[in-house]
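Readers should treat all values here as calculations from the given coordinates under stated rules, not as data from a laboratory. Quick caveat, the model's predicted, so the values are computed rather than measured. FYI the Cβ positions are ideal-geometry reconstructions off the backbone, even for glycines, and counts take in every protein chain you see.
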C-alpha cells in the first residue's frame, strides 16, 4: 500500500512537471509568434523586387549603354532609376512608384520593367 502511494505521488510530480514544461513552451511559442509578426511587418517595406533593363536610348547609338533599374517592396512602392547615355552626355533621373503607379510619365522601357515586376509577383 505504501508503495502504491509513492507511485501516485511520483506520477503526480511528473504530470505537474510536464504541465509546467508545456506552459513554458506555450510562452516561448507566443513570444516567437510576436517576433515573426514584427519581422513580417518590417519586411513589407524592404525592397524585395528589382530588375534592370539595358537599352539604346537613341537610334544612332549601339551597345545598350542606357539602363533603367526598378526596385519595389511587396506593396509595389519604390522607385525607377534611369540613365540615358549619349556620346556627349549622360542623364540620370528617378521616379517614385507608389502602389505600382508613377505620377510621372514613364518611358517605354520603364513601363516594361515595372509591369514585369508587378506581374511576376502576381504569379507567385
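In the stretch 18-67, what residues are in a helix (DSSP H, G or I) and touching a residue at least 24 places away in the same chain (Cβ under 8 Å)? Working first, answer last.
In the first step, residues of the stretch 18-67 are kept if they are in a helix (DSSP H, G or I); the result is 18-43.
Listed by number, the list holds a single entry, 43.
Keeping to the stretch 68-124, report how many residues are over 15 Å from the mean Cα position of the chain (by Cα) and assigned to a helix (DSSP H, G or I).
The qualifying residues number 10.
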